[in-house]
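Everything on this sheet refers to the single structure shown next.
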Amino acid sequence: MKIKAIIWQEDDVWCGSVPALPGCHTWGDSYDHLLEMLQDAVQGWLDVASERQELEPEKQFVELSL
């Protein structure tokens with residue numbers, strides 16, 4: 001799965017946001033830490049959305065390996 005994220009640096013903190021997933025934001029102490037945190041944030045977002053099953057009836061979730 002490929003997903004786009006916006007990343008930027010504020011002071012000494014790296015910040016990230018995933019526009020395709022509303023409310024999916026995170027931060028890290030370094031660029032590499034941010035990338036790890038983004039993976040965790042995306043996985044967490046997808047897990048919660050899957051549990052809530054907030055999908056229209058004709059749509060479905062599938063599990064993909066990241």
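Considering only residues that are outside any helix (DSSP H, G or I) and modelled with pLDDT of 95 or more, which ones fall in the range 25-54?
Of everything in the range 25-54, those that are outside any helix (DSSP H, G or I) and modelled with pLDDT of 95 or more turn out to be 25, 26, 27, 28, 29, 30.
Take the conditions surrounded by 13 or more Cβ atoms within 10 Å (Cβ to Cβ), assigned to a loop (DSSP other than H, G, I, E, B) and either touching a Leu at 6+ places or on another chain (Cβ under 9 Å) or modelled with pLDDT of 90 or more (or both) and apply them to residue 7. Does it pass? Working first, answer last.
Values: surrounded by 13 or more Cβ atoms within 10 Å (Cβ to Cβ): yes; assigned to a loop (DSSP other than H, G, I, E, B): no; either touching a Leu at 6+ places or on another chain (Cβ under 9 Å) or modelled with pLDDT of 90 or more (or both): yes.
Judged against the criteria, residue 7 is not a match.
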**Q.** Residues that are farther than 18 Å from residue 49 by Cβ and part of a strand (DSSP E or B), drawn from the range 10-24
**A.** 10, 13, 14, 15, 16
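The values are calculated or read from the model by the stated rules, or taken from the named source; none is laboratory data. Fair warning: this is a prediction, and the values are worked out from it, not measured in the lab. So basically every Cβ, Gly included, is an ideal-geometry build from the backbone, and we count neighbours across all protein chains shown.
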